[in-house]
Amino acid sequence: MSQQQWQRYLQSLREAPKRGSVAGIRRSMNALLDTGGQTEGSPYEEEDNEKPRLKGKRSRNQVSPPPGAEGGGSIGAPGPAVGGGSLEEEVEPESFEKHSYLNPDFWDESNNLKPKIARRLMKIAKRFLEGLELPVRHAAGEGLMTALVEDVRFTGSLANYNWSKYSDIDLHIVVDFSKIDENVELVKGFFDAARMRWNDLHDITINGAEVEIYVENVGDVHHSSGLYSIMEMRWIVEPSAERITFDYASARAKADNILTQINLIERILDESHKARAALRSIERLKQKIRTMRKAGLNSPAQEYSAENIAFKILRREGALDKLDEMKYTAYDLIMSME
């Protein structure tokens, strides 16, 4: 969707009456999804909320949510790169090393978020919600942030001692979905579509780190050892450098195994008559990656688990981006006719 199309969509929301029904939210979701070349929603059964982007990074080598990659082959013998050529340098182990201090571009000497940054992040969150013209029930004239938002939080590696040049700002807006509609799954789908669209359209950086918006429901479990409330200007979970340990060798092995599978699927995809088989393999591998990361986040090591580090390696090296590209290529081949 172009910027002009997006602005027309937002204008249509402003001119339309407020929606408080499930049907109204579904119409809003359709307006978000049914644009561009594919006009019947997603052609796939499941949207991947980890869809990577390159925007906002100073080079392809600094992408956090993806791009490029050297990839593949068996462990210890990488083999040909994903895509038939080296897209990126391999992620260096040093990028996962911990520091003895929080990033001074964001935190003061007392480990509090710098007020100027906090104000800017709150403004970004507010503008994001205002652009959606949400149908908040029982608002009684209150401002949207007051009526709907429980908290705005800063998390991720920049809220911890493992920050690096790959780090971006994970800005989490905590919303009570039930204030919008009783069908919280539908509301979640709406927010997922809206925040993915926002992240794709905007290129906002603070001190060189790209701002990524997430929306979560009240009570959602958050796997992080560093979580800061911007609204209250205090730590909800204060990080500790002593608790950070990485098993990079195991993580690299897990990532290399998946890179090998991506290379094998790409060879299948080279034969157009095998596109359906390739698409099935892509879906299975994407599910395997999601399961791997979930298992890591639910383990005692949480974000420092080998599984989660492997996911980050794949994301930084562009493997997830490549897998998405292959998925769309396979779909196009299946739907094409000679």
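The values are calculated or read from the model by the stated rules, or taken from the named source; none is laboratory data. What you are looking at is a predicted structure, and each value in this text was computed from that prediction instead of being measured. Positions of Cβ are generated from backbone atoms using ideal geometry, with glycine treated the same way; all protein chains shown enter the neighbour counts.
Against the test of being of a type in the set (D, E) and over 30 Å from F96 (Cα atoms), the options D321, D247, D256, D270 yield a single qualifying residue, D270. When every residue of the range 173-189 is checked against the conditions, at least one turns out to be touching a residue at least 24 places away in the same chain (Cβ under 8 Å), within 30 Å of E109 (Cβ to Cβ) and surrounded by 17 or more Cβ atoms within 10 Å (Cβ to Cβ).
Residues in the range 217-259 that are within 24 Å of the chain's Cα centre (by Cα) and polar (S, T, N, Q) were compared, and the one that is farthest from L314 (Cα to Cα) is S229.
Picking from L102, L171, L134, which residue would you name as being modelled with pLDDT under 90 and outside any helix (DSSP H, G or I)? Walk me through how you get there before you give the answer.
Numbers: L102 fails: modelled with pLDDT under 90; L171 fails: modelled with pLDDT under 90.
The match here is L134.
Of all the residues in the range 264-290, those that are within 17 Å of the chain's Cα centre (by Cα), of a type in the set (V, I, T) and farther than 19 Å from D247 by Cβ number 0. In the range 117-133, the residues that are over 15 Å from D170 (Cβ atoms) form Cβ pairs under 9 Å with partners that are of a type in the set (S, T, Y) and assigned to a helix (DSSP H, G or I), at six or more places apart or across chains, as follows: L132/S28; E133/S28.
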